[in-house]
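Chemist: Before I ask anything, let me first share the structure, which is written out below as structure tokens.
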Amino acid sequence: QVQLVESGGGLVQPGGSLRLSCAASGFTFSNYPMRWYRQAPGKERELVAHITSAGGNTRYADSVKGRFTISRDNAKNTVYLQMNSLKPEDTAVYYCNAAGGIGYLYNYWGQGTQVTVSS
């Protein structure tokens, strides 16, 4: 069974850091680009970061660029999101996503991990 399991969320003060992890299983992880999304209450889910299957290229939302870093370890079937200089507006549930196949036939989501940035 395909599984994506996020971890690493929690409560942090503004300016602090967290590292999220997403452990993948049940599919060929190294064939899939990976993404992190987030969703705050009452807001649309937004794409935060993207990484290609081999990890050679990354893209970020303007709101997090320079503060967040997506990375992956294909040997560990894990994708990470390092979040620095956190702001209250970063508060959201963060989701790991894998999409692949012809026409992105396969589209998998984790259960999410809560990140709360508050003083």
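Chemist: With θ set to phi - 60° and the Karplus curve 6.51 cos²θ - 1.76 cosθ + 1.60, what are the ³J(HN,Hα) couplings of segment 82-97 in order, to the nearest whole Hz, using x for Gly and Pro?
Modeler: Working through the residues one at a time gives 7, 10, 10, 6, 5, 10, x, 5, 7, 4, 4, 8, 9, 10, 8, 9 Hz.
Chemist: To the nearest 20 debye, what is the magnitude of the charge dipole of segment 18-69 about its Cα centre, counting +1 on the Cβ of each Lys and Arg and -1 on the Cβ of each Asp and Glu?
Modeler: Values: 8 positive and 3 negative charges, 26 e Å.
The calculated dipole for segment 18-69 is roughly 120 debye.
Chemist: Where does each of PHE68, PHE27 land when they are ordered by accessible area, with a 1.4 Å probe and the largest first? Mind dumping the intermediate values first?
Modeler: Details: PHE68 5, PHE27 30 Å².
Putting PHE68, PHE27 in descending order of accessible area: PHE27, PHE68.
Chemist: Taking the Cα centre of each part, how many Å lie between segment 1-64 and segment 85-113?
Modeler: Taking the Cα centre of segment 85-113 as reference, the centre of segment 1-64 is 5 Å away.
Chemist: Would you kindly calculate the mean projected area, averaged across all directions, of the convex hull enclosing the Cα atoms of segment 34-119, in square nanometres? Write out the running numbers ahead of the final one.
Modeler: On the way: hull surface 25.6 nm².
In nm², the orientation-averaged hull projection of segment 34-119 is 6.4.
Chemist: Let me ask something else. If the chain between ASN57 and ASP73 were fully stretched, how many nm would it gain, using 0.36 nm times the residue separation less the Cα-Cα distance? It would help to have the intermediate numbers written out before the result.
Modeler: Details: separation 16, 0.36 × 16 = 5.76 nm, distance 1.37 nm.
So the chain would gain 4.4 nm between ASN57 and ASP73.
Chemist: Over the chain, give the accessible area per residue in Å² for a 1.4 Å probe, as an integer. Present the calculation step by step, with values, prior to reporting the outcome.
Modeler: Working: 6340 Å² over 119 residues.
Computed with neighbouring chains in place, this is 53 Å² per residue.
Chemist: Further question on the same structure: With a cut-off of 17 Å, note down the residues of segment 1-37 whose backbone N falls inside the zone around a label point 7 Å from the Cα of SER119 toward its beta carbon.
Modeler: Zone members listed by number: 12-17.
The values are calculated or read from the model by the stated rules, or taken from the named source; none is laboratory data. Every value quoted in this text rests on a predicted model; they were computed, and no experiment measured them. Virtual Cβ from ideal backbone geometry, glycine too; neighbours counted across all protein chains shown. Protein only, heavy atoms only, side chains kept; ligands, DNA and RNA dropped before computing areas. Shrake-Rupley method; radii C 1.70, N 1.55, O 1.52, S 1.80 Å.
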